[in-house]
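The values are calculated or read from the model by the stated rules, or taken from the named source; none is laboratory data. Source: prediction; values computed, not measured. Heads up, the Cβs are rebuilt from the backbone with ideal geometry, glycines too, and the neighbour counts pull from every protein chain shown.
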Amino acid sequence: MDTRTCIRVIVVDDSPQDLDALCGFLKKQERIEVVGTAKNGIQLIKIAKALQPDLVITELHMPRLNGIECTLRLREVMPHTRFIVFTDMKEPFTEADCGEPGADFYLYKEQMPARVLTAIYRLFPEWERRARDAARRVGEREPCPNPC
């Protein structure tokens, strides 16, 4: 049985405003803990190896190392970590991007934050059940051990 109380997430974006917006949204969700952030692919590789998150949500187009390259590298050393890669519609995904075997989901920034939650619950269906069960038990909240 899984004894973790939160989905541990790293969020990566070179836009400080978008990074803050997504982190702020995720921090308001029950059972999701943002354990780290990065502004480029090199930072992501370093902190992901150290923190071993359950999920990485990363921008596709970043300086120094793009989201797909990071995902492919991290998959080798963290095979159980899940990956959501996003971009904006001004720089859409190409067939080559989506053809790579790295990411579990591809989203557009314009679809966020609503679709990111749907993607997370599809990647972690046991957490969706837990969230529904928790919603049924009004007043019986089980907070994350760390501030989520």
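Here are some notes:
- Looking across segment 1-42, the residues that are part of a helix (DSSP H, G or I) and more than 18 Å from Cys70 (Cα to Cα) come down to Pro16, Gln17, Asp18, Asp20, Ala21, Leu22, Cys23, Gly24, Phe25, Leu26, Lys27.
- Residues that are polar (S, T, N, Q) and at pLDDT below 95 were ranked within segment 1-42; the one that is surrounded by the fewest Cβ atoms within 10 Å (Cβ to Cβ) is Thr3.
- Arg82 satisfies every condition listed in (1) more than 15 Å from Pro113 (Cβ to Cβ); (2) at pLDDT 95 or above; (3) surrounded by 14 or more Cβ atoms within 10 Å (Cβ to Cβ) except (2).
- Unmet requirement for Met62, which otherwise passes all of (1) at pLDDT 95 or above; (2) more than 14 Å from the chain's Cα centre (by Cα): (1)
- Ile45 outside any strand (DSSP E or B), of a type outside the set (Gly, Ala, Ser) and out of contact with any Gly (no Cβ under 9 Å at 6 or more places or on another chain): yes
- The residue of segment 39-92 that is farthest from Phe124 (Cα to Cα), among those that are of a type in the set (Asp, Glu) and in contact (Cβ under 8 Å) with a residue 12 or more places away in the chain, is Glu91.
- The single condition among (1) modelled with pLDDT of 90 or more; (2) farther than 17 Å from Leu19 by Cβ; (3) small (Gly, Ala, Ser) that Ala48 does not satisfy is (2).
- With respect to the conditions (1) modelled with pLDDT under 75; (2) aromatic (Phe, Trp, Tyr); (3) surrounded by fewer than 18 Cβ atoms within 10 Å (Cβ to Cβ), Tyr108 lacks only one, and its number is (1).
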